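Each remark here refers to the structure printed beneath this line.
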Amino acid sequence: MLPKTPSFSLKGKRALITGASSGIGRACAVAMAEAGASVVCAARTAGPLNKTVDDMQEQGWDASALQLDQTNLDQLETAMREPFDIVINSAGMGRHKPALETTPEDYDAVMSLNLRSAYFLSKFAASAMKDNGVQGSIIHLSSQMGHVGGTDRTVYSASKHALEGMVKAMAIEWGELGIRINTICPTFIRTPLTRATLDDPKRAAWINDKIKLNRVGEVEDVMAAALYLASDAASLVTGTHMIIDGGWTAG
């Protein structure tokens, strides 16, 4: 008998996507909904968030909005009380500047969102999964900068390196529960947040020199990875990362 290709369908699954109002988070929400999941889109700002959900509902998809400040742990814990089958954390920030110019405020802001909130989102999500017998998938949008360094990105890179280590340790603890946790590590993806960097000729030249496939990423490049890690096709994948960097970290 020939083997059967695992299903990428998410029908009957509930998914929470943070940072879903724009960019990569919005794209991940679309990928989950298109595969059949019931999607809760979470973000801090109501206007863009509601626009995303309206656009998704116009496609006939099951989508709803949740206004959420992810750094507020009380809000975050409340949002995670009901179990989700899939949790994708796409919320993040960077205050890119030379290390010698970094302020404590810069450090605290980046670490609060990129690491502290990611830690407790994972904890709250896994707790609800455990209590309800859900063998779910938690996915963090990390970065290639979680594996290399970059000019003016010391704090950002530190937060993403720490995120990578956090995920490995959580995967060890939660494996016996059937809860998977992984990261996606993109290169520069063309979004509103990266526009200023990509429009700077000096920085664009640095980026193009590093990406061996000679182009920056698009959100579509991340969607398939998110779908794979969310689905049963990745049922043996945990504690690791998918690098989508056009060869940047190859050397």
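The values are calculated or read from the model by the stated rules, or taken from the named source; none is laboratory data. All of these numbers come straight from a predicted model, not from anything done at the bench. Because the Cβ atoms are built from the backbone with ideal geometry, glycine has one as well, and the counts that use them run over all protein chains shown.
The table that follows gives values for the structure above.
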{"quantity": "Verdict on Ala250 being without any contact (Cβ under 8 Å) to a residue 60 or more places away in the chain and within 22 Å of Ile17 (Cα to Cα)", "calculated": "no"}
{"quantity": "Residue in the range 202-210 that is farther than 22 Å from Ser112 by Cβ and in contact with a Phe, Trp or Tyr (Cβ under 6 Å, 6 or more places away or on another chain) present", "calculated": "yes"}
{"quantity": "Test for Arg116: is it of a type in the set (Lys, Arg), out of contact with any Ser or Thr (no Cβ under 6 Å at 6 or more places or on another chain) and not in a loop (DSSP other than H, G, I, E, B)", "calculated": "yes"}
{"quantity": "Selection status of Ala99, free of Cβ contacts under 8 Å to residues at least 24 places away in the same chain, loosely packed, with under 15 Cβ neighbours inside 10 Å and hydrophobic (A, V, I, L, M, F, W, C)", "calculated": "no"}
{"quantity": "Listing of helices (runs of 4 or more DSSP H) fully contained in the range 1-94 that carry 2 or more residues being in contact with an Asp or Glu (Cβ under 9 Å, 6 or more places away or on another chain), touching a residue at least 12 places away in the same chain (Cβ under 8 Å) and surrounded by 15 or more Cβ atoms within 10 Å (Cβ to Cβ)", "calculated": "23-34"}
{"quantity": "Subset of the range 120-129 that is in contact (Cβ under 8 Å) with a residue 40 or more places away in the chain and within 14 Å of Ala171 (Cβ to Cβ) - its residue that is farthest from the chain's Cα centre (by Cα)", "calculated": "Met129"}
{"quantity": "Selection status of Glu77, farther than 19 Å from Met145 by Cα, at pLDDT below 95 and acidic (Asp, Glu)", "calculated": "no"}
{"quantity": "Selected residue (only one of Ser122, Ser112 is surrounded by fewer than 16 Cβ atoms within 10 Å (Cβ to Cβ) and under 28 Å from Pro83 (Cα atoms))", "calculated": "Ser112"}
{"quantity": "Listing of helices (runs of 4 or more DSSP H) fully contained in the range 137-239 that carry 1 or more residues being free of Cβ contacts under 8 Å to residues at least 60 places away in the same chain and under 14 Å from the mean Cα position of the chain (by Cα)", "calculated": "154-174, 220-230"}
{"quantity": "Scan of the range 173-212 for residues that are of a type in the set (A, V, I, L, M) and either at positive phi or surrounded by 12 or more Cβ atoms within 10 Å (Cβ to Cβ) (or both), ordered by number", "calculated": "Leu177, Ile179, Ile181, Ile184, Ile189, Leu193, Leu198, Ala204, Ile207, Ile211"}
{"quantity": "Selection status of Thr238, of a type in the set (Ser, Thr, Tyr), within 28 Å of Pro3 (Cα to Cα) and surrounded by 13 or more Cβ atoms within 10 Å (Cβ to Cβ)", "calculated": "yes"}
{"quantity": "Yes/no for Ala128 being of a type outside the set (Asp, Glu) and either assigned to a loop (DSSP other than H, G, I, E, B) or touching an Asp or Glu at 6+ places or on another chain (Cβ under 8 Å) (or both)", "calculated": "yes"}
{"quantity": "Single residue of the range 240-251 satisfying the filter (in a loop (DSSP other than H, G, I, E, B) and of a type outside the set (S, T, N, Q)) that is nearest to Ile184 (Cα to Cα)", "calculated": "Asp245"}
